[in-house]
Amino acid sequence: MKQSVKMIAGNWKMHGLGASLVEVDELAASLAAEPTEHRVIICPPATLIERLSGKAAGSAVEIGGQDCHEQVSGAFTGSISAGMLVDAGAGLVIVGHSERREGFGETDALVAAKAEAALSAGLEPIVCVGESLAQREAGNAVSVVTAQVKASTPESGPGRRFAVAYEPIWAIGTGLTPTVEQIAEVHLAIRTALVERFGEFGGAVPILYGGSVKPSNAAEILSTPEVGGALVGGASLKAADFLGIIRAA
Ligand code: 13P
């Protein structure tokens, strides 16, 4: 399905102090002067969400978290619930990023539970999937990603807003990107898996691509069939780069 309104989401990861918010001022000012039809989302560290939501109020910039706990509340030192993200001003949350799947042992089932918790709190989850280099070299990229989509998207998703982000692990932060044909192949497989899982609703779930997206490759990637947006790491930290991607969409 061709989606004309793309989701351009920036994942700041563990980068950003209060001083970094000038980048959001610049972003919001540019979008006010020259509006875009696309959705522009910044997912800063949790410590900046509340300050960012103050700045972004009334602007075209939406705010997301980078992770949430699957429980509503409890004795989980250091964790943040979906409801807390809402309370701080977020409207979306990334779940199942490969850096959490790999670094924190998050399973498909846990990611699905986090996505459910996000939906219950009124957040729009962006569920990340993606194969490792070894899985791609073994010819298993499509089967790995298909299985992840089926097991880590929220069961109660139909009728609510959520997105999937395809982020091949080997393309994250490396400057390497899949070919357009490889992106199209995996996105089509994700679309098929979503339709198998959710019926007609699965045909409309946005599928973002992430992994070394930058202003110079954004137009090509974002015009690939079934690419409904981009999840951007490094190039989302500077307003000028992120704007270059938004303007290329
Ligand atoms: P880079 O854009 O830095 O490759 O990161 C992609 C990513 O992991 C976004 O979630």
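The values are calculated or read from the model by the stated rules, or taken from the named source; none is laboratory data. The structure presented is a predicted model; accordingly, all values stated were derived computationally and were not measured. Here Cβ is always computed from backbone atoms with ideal geometry, including for glycine, and neighbour counts include all displayed protein chains. Side chains included, ligands, DNA and RNA excluded: accessible areas come from the protein's heavy atoms. Shrake-Rupley method; radii C 1.70, N 1.55, O 1.52, S 1.80 Å.
What the table below lists for this structure:
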quantity	calculated
Residue satisfying condition, being touching a helix residue (DSSP H, G or I) at 6+ places or on another chain (Cβ under 8 Å) and either within 27 Å of E50 (Cα to Cα) or open to solvent by 30 Å² or more (accessible area, probe 1.4 Å) (or both), within set V95, V129	V95
Residue in region 202-222 that is outside any helix (DSSP H, G or I), hydrophobic (A, V, I, L, M, F, W, C) and over 13 Å from the mean Cα position of the chain (by Cα) present	yes
Subset of region 128-142 (residues that are more than 16 Å from the ligand (Cβ to nearest atom), touching a residue at least 40 places away in the same chain (Cβ under 8 Å) and closer than 22 Å to I94 by Cβ)	A141
Condition met for R136 (open to solvent by 50 Å² or more (accessible area, probe 1.4 Å) and assigned to a helix (DSSP H, G or I))	no
Single residue of S212, S156 found to be farther than 22 Å from D108 by Cα and among the hydroxyl-bearing types (S, T, Y)	S212
Lone qualifier among G157, G228 - being of a type in the set (G, A, S), touching a strand residue (DSSP E or B) at 6+ places or on another chain (Cβ under 6 Å) and buried (at least 18 other Cβ atoms within 10 Å of the Cβ)	G228
Within region 173-195, tally of residues that are surrounded by fewer than 21 Cβ atoms within 10 Å (Cβ to Cβ) and out of contact with any Asp or Glu (no Cβ under 8 Å at 6 or more places or on another chain)	12
Subset of region 9-40 [more than 11 Å from A60 (Cβ to Cβ), hydrophobic (A, V, I, L, M, F, W, C), within 16 Å of the ligand (Cβ to nearest atom) and open to solvent by less than 30 Å² (accessible area, probe 1.4 Å)]	A9, W12
Every residue from region 196-210 that is touching an Asp or Glu at 6+ places or on another chain (Cβ under 6 Å) and within 12 Å of the ligand (Cβ to nearest atom)	G210
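Residue-by-condition table, conditions (1) more than 16 Å from the ligand (Cβ to nearest atom); (2) more than 25 Å from G16 (Cα to Cα):
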{"position": "A147", "(1), (2)": "yes, yes"}
{"position": "R160", "(1), (2)": "yes, yes"}
{"position": "A163", "(1), (2)": "no, no"}
{"position": "G175", "(1), (2)": "no, no"}
{"position": "L194", "(1), (2)": "yes, yes"}
{"position": "S212", "(1), (2)": "no, no"}
{"position": "S216", "(1), (2)": "no, no"}
{"position": "I221", "(1), (2)": "no, yes"}
{"position": "A239", "(1), (2)": "no, no"}
